[in-house]
Amino acid sequence: MSRLVPPHVPPRVTVGDDDNLRRLHFRLWQVFITTLTVLVTVWFITLGPIPAIIALAVAKHVLVAILVMGLDIYPKYKGEQDARPTGC
């Protein structure tokens, strides 16, 4: 009868691509730009109804663009190589 043994421990590998600080800077940048967009929009709203409508339309597009940047969703175009490593 064969013995059941636990599998071998995989070798330890150090990875030098610690992106935590870069990701933190990006998230802080997102929060700052979002706050700035909202504050500028509120200021434009105080100027009257026409600037308010234009400011809300522009702010909507800016905030959606910031959101999509944070989601890491990139379209794949025909013939385009994937720039990210395959291990992600």
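Contact map, the range 19-31: first residue surrounded by 11 or more Cβ atoms within 10 Å (Cβ to Cβ), second residue of a type in the set (A, V, I, L, M, F, W, C), Cβ cut-off under 6 Å, separation 6 or more or different chains; pairs are GLN30/ILE66. Take the residues of the range 10-43 that are of a type in the set (Ser, Thr, Tyr) and modelled with pLDDT of 95 or more: which is nearest to LEU71 (Cα to Cα)? That would be THR34.
The values are calculated or read from the model by the stated rules, or taken from the named source; none is laboratory data. What you see is a predicted model, and the numbers here were worked out from it, not measured in a lab. Note that we place each Cβ from the backbone using ideal geometry, even for glycine, and neighbour counts take in every protein chain shown.
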